[in-house]
Amino acid sequence: MDYMVVYSSKTGNTKKIATEIFSALPGMSKDMQHIEEYKGKDADMFFVGFWVDRGTCDMSVIEMLSRLHGKKVALFGTCGLGHDAEYYKMIEQKVEVWVPDDCEYLGAFLCQGKMPMQLRENYEIPMEDPRQEAWRRQMLRNFDEGLFHPNEEDVRKAREFVKRLMR
């Protein structure tokens, strides 16, 4: 079987997971490319990676997915908000809709990733409303936790995701 790993990465988080997925794939008939380099190389199975942009994938991933037909497709992604299975499921559902109906959708792997430091500044200004202040503090904690992701556990889970799909 031929495998293709295509990913969109803005900060390097998704590239790190793409590299782990690529290395976990069996055999020699596999390739990995950043989405900007991808020129339509064919494969039987595609692993398509993305960074989460407002709860979904970026437009380049939508366009790439919509051009796949008759393929096995697995998704993977990284997002600034972490460790929330419900949030990850919502993201998966929003991205999965772009996989054409004639493809076999295999599932998704998502994990937390670090965000650009300039985003932290958005959360550093205290707010008067107690509910907004609680949200702001939670976002700061989440941002700081994300600085350590993707971590070794995320990498291990990405490799396990591939192994599950190969069975």
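The values are calculated or read from the model by the stated rules, or taken from the named source; none is laboratory data. The model shown is predicted, which means the values in this text are computed figures rather than measured ones. In this analysis, Cβ positions are derived from the backbone assuming ideal geometry, glycine residues included, and neighbour counts consider all displayed protein chains. What goes into the accessible areas is simple: the full protein's heavy atoms, side chains included, and nothing from ligands, DNA or RNA. Shrake-Rupley method; radii C 1.70, N 1.55, O 1.52, S 1.80 Å.
Using the Cβ-Cβ distance between His69 and Lys157 with R0 set to 35 Å, the FRET efficiency works out to roughly 0.75. Nonpolar atom fraction for the stretch 2-110, defined as the carbon and sulfur part of the 1.4 Å probe accessible area, stands at 50 percent. The phi-based Karplus calculation (6.51 cos²θ - 1.76 cosθ + 1.60; θ = phi - 60°) puts the 3J(HN,Hα) values of the stretch 78-84 at 10, 9, x, 7, x, 6, 10 Hz, whole numbers, x for Gly and Pro.
Derived scalar couplings between HN and Hα for the stretch 23-31 equal 5, 7, 6, x, x, 10, 8, 8, 8 Hz in order, rounded to whole Hz, by the Karplus curve 6.51 cos²θ - 1.76 cosθ + 1.60 (θ = phi - 60°), x for Gly and Pro. Amide hydrogen proximity for Val5: with H placed 1.01 Å from N in the peptide plane, the residues at 5 or more positions away or on another chain lying under 5 Å are Asp31, Met32, Gln33, Phe47. If you average the C-alpha positions of the stretch 148-166 and of the stretch 55-127 separately, how far apart do those two centres end up, in angstrom? Their Cα centres are 16 Å away from one another. Derived scalar couplings between HN and Hα for the stretch 133-143 equal 5, 4, 4, 4, 5, 4, 5, 5, 4, 5, 4 Hz in order, rounded to whole Hz, by the Karplus curve 6.51 cos²θ - 1.76 cosθ + 1.60 (θ = phi - 60°), x for Gly and Pro. For the chain, the mean residue ellipticity at 222 nm estimated from helices alone is -12500 deg cm²/dmol, where every DSSP H run of n ≥ 4 contributes -39500 (n - 2.57) and the total is divided by all residues, rounded to the nearest 500.
Put simply, the amide H of Gly107, placed in the peptide plane, has neighbours under 5 Å in Leu75, leaving out anything fewer than 5 places away on its chain.
Entry for the stretch 50-130 at q = 0.11, 0.12, 0.20 Å⁻¹: log10 I(q)/I(0) = -0.37, -0.42, -0.89, Debye formula applied to identical alpha-carbon scatterers, no solvent contribution.
Annotation for the stretch 60-135: GluC sites (Glu not before Pro) lying in DSSP loop with at most 12 further Cβ atoms inside 10 Å of their Cβ are Glu124, Glu128. Springs join every pair of Cα atoms under 10 Å in this Gaussian network model of the chain, and among Gln112, Gln138, Gln93 the largest mean-square fluctuation is at Gln138. Measuring with a 1.4 angstrom probe and ignoring ligands and nucleic acids, Trp98 comes out at about 110 Å² accessible. Rounded to the nearest 10 degrees, the angle from helix 85-96 to the longest Cα principal axis of the chain is 50 degrees. Highest GNM mean-square fluctuation among Ala24, Ala108, Ala134, for the chain modelled with Cα contacts below 10 Å: Ala134. Label separation (Ala134 vs Glu86): 1.4 nm, computed from points 7 Å beyond Cα along the C-beta direction. Overall size of the chain from C-alpha positions, given as principal axis extents largest first: 57, 30, 28 Å.
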